[in-house]
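Presented below is the structure to which this report refers.
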Amino acid sequence: MRVLGIESSCDETAVAVYDGAQGLLSHRLHSQIALHRAYGGVVPELASRDHVRRLLPLVREALAEGHSDRDSIDAVAYTAGPGLIGALLVGAGFAAGLSLSWGKPALPIHHLEGHLLAPLLEPNPPAFPFLALLVSGGHTQLVDVAGLGAYRILGETLDDAAGEAFDKTAKLLGLPYPGGAALAALAEESRSERFVFPRPMLDRPGLDFSFSGLKTAALVALRGRGQDPAMRADIARGFQEAVVETLAEKCRRALVETGHRRLVIAGGVGANQRLRERLAAVVESLGAQLYFPRTEFCTDNGAMIALAGYLRLAAGMRGDLKIHASANWELEEIGV
Ligand code: KG4
Ligand code: ZN
């Protein structure tokens with residue numbers, strides 16, 4: 001069985017073809033970062049309009065590269081939420097149109113399920129069940145994954161997501177949007193551990209997170225000293241260490257509490273090398289295994305949506321004739 005996957009929930013238009021026997025056949029992506037950079041963040045209306053422009057050419061390219069056509073595709077999977085509603089509607093409407101004209105089912109996919117399953121695109125994929133740390137621009141969650149569609153949230157952020165904290169602090173440091181990767185690169189330049197920021201919520205039990213105080217701590221440290229490039233790098237390092245340490249400690253606690261032997265990192269912040277190093281040390285100390293997708297499949301992509309669509313099709317999902325798009329959609333609600 002072969003599935004065309006479409007992702008358009010935020011500022012990436014992405015399309016991929018996944019085949020059950022052969023794996024990923026093709027994936028194409030257009031990033032809108034340059035379009036939104038002047039505004040310091042994603043402008044929803046511009047995002048929707050750009051998805052309209054990019055989607056059809058990307059679908060053509062992904063089909064051609066994957067040696068696929070309407071006859072060989074068995075279903076069209078698309079991100080139905082959560083995300084920007086206008087952006088989601090572009091992908092959902094397009095998928096519904098293709099589905100009607102091709103006579104193939106359209107499968108609505110939860111964006112975070114896509115992220116959770118992305119490590120299954122790699123060689124040596126994790127088996128179910130596993131613990132997942134989902135760290136993106138909009139979400140920070142620890143998820144107990146019993147199987148496809150069987151997700152239980154063990155802890156989540158009470159305020160800013162980890163990626164959002166990276167982006168906001170990067171902005172304070174004068175880095176261009178989206179600043180997560182740029183902040184991480186700046187932190188690498190630092191040779192000093194003079195800034196030790198608070199580790200939010202580590203002093204109490206539970207698996208929730210809170211990151212909004214960290215950007216304030218960075219702002220206070222920066223006051224009056226922002227012109228000094230070495231100082232900015234040291235602040236970036238202090239900030240990154242605080243986020244990474246907090247995420248790593250909560251993962252350790254969650255692994256101990258649940259008894260899971262496998263930890264999956266997913267979402268854009270999963271591209272952070274320091275986080276991967278720290279989590280590798282945590283799983284090693286517990287005799288567990290760490291899994292993560294390649295960097296380009298940590299951030300938004302079409303491959304994870306095509307894969308989730310394939311797994312759902314194989315599990316019997318048939319879709320319907322509705323156009324599903326929902327800005328807010330809880331992961332625990334989706335079922336199989
Ligand atoms: O998963 P994603 O592509 O989009 C959402 O669904 O939100 O995640 C994007 C987030 C952004 O906040 C970005 O700054 C962050 O991931 N990010 C990073 C790194 N690369 C991307 N954060 C820290 N270190 C990185 N290397
Ligand atoms: Zn995402």
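The values are calculated or read from the model by the stated rules, or taken from the named source; none is laboratory data. Quick caveat, the model's predicted, so the values are computed rather than measured. Note that each Cβ is placed from the backbone with ideal geometry, even for glycine, and that neighbours are counted across all protein chains shown. What goes into the accessible areas is simple: the full protein's heavy atoms, side chains included, and nothing from ligands, DNA or RNA. Shrake-Rupley method; radii C 1.70, N 1.55, O 1.52, S 1.80 Å.
Brief remarks on what is shown
- Qualifying positions in the range 270-317 - away from ligand 2 (no atom under 15 Å from the Cβ) and either of a type in the set (Ser, Thr, Tyr) or free of Cβ contacts under 8 Å to residues at least 24 places away in the same chain (or both): ARG276, GLU277, ALA280, GLU284, SER285, TYR291, TYR310, GLY316
- Top-ranked residue in the range 63-87 [being touching a His at 6+ places or on another chain (Cβ under 9 Å) and within 15 Å of ligand 2 (Cβ to nearest atom); ranked as farthest from MET317 (Cα to Cα)]: ALA87
- Annotation: of all residues in the range 165-175 being more than 18 Å from the chain's Cα centre (by Cα) and within 13 Å of ligand 1 (Cβ to nearest atom), the one that is surrounded by the most Cβ atoms within 10 Å (Cβ to Cβ) is THR169.
- Residues of the range 293-333 that are open to solvent by 70 Å² or more (accessible area, probe 1.4 Å) and outside any helix (DSSP H, G or I): ARG294, ARG318, LEU321, LYS322, ILE323, ASN328, GLU330.
To keep it simple, each residue is scored yes or no on (1) open to solvent by 10 Å² or more (accessible area, probe 1.4 Å); (2) under 17 Å from the mean Cα position of the chain (by Cα).
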site: LEU247; (1), (2): no, yes
site: ALA254; (1), (2): no, no
site: ARG261; (1), (2): yes, no
site: ALA266; (1), (2): no, yes
site: ALA271; (1), (2): yes, yes
site: SER285; (1), (2): yes, no
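- Selected residue [farther than 17 Å from THR140 by Cα and in contact with a strand residue (DSSP E or B) (Cβ under 6 Å, 6 or more places away or on another chain)] from ALA280, ALA254: ALA280
- A single member of LEU88, LEU107 is within 16 Å of ligand 1 (Cβ to nearest atom) and not in a loop (DSSP other than H, G, I, E, B), and it is LEU88.
- Out of GLY23, GLY40, GLY83, one residue alone is in contact (Cβ under 8 Å) with a residue 60 or more places away in the chain, surrounded by 16 or more Cβ atoms within 10 Å (Cβ to Cβ) and not hydrophobic (A, V, I, L, M, F, W, C). It is GLY83.
- Being under 23 Å from GLU61 (Cβ atoms) and either outside the structural domain of GLU241 (by TED's automatic domain parsing) or at pLDDT 95 or above (or both) holds for only one residue in ALA288, ALA308, ALA314, ALA281, and it is ALA308.
- Residue among LEU116, LEU98, LEU120 that alone is within 16 Å of ligand 1 (Cβ to nearest atom) and of a type outside the set (Asp, Glu): LEU116
- Some residue of the range 28-36 being in the same structural domain as SER326 (by TED's automatic domain parsing), surrounded by 24 or more Cβ atoms within 10 Å (Cβ to Cβ) and under 18 Å from HIS115 (Cα atoms): no
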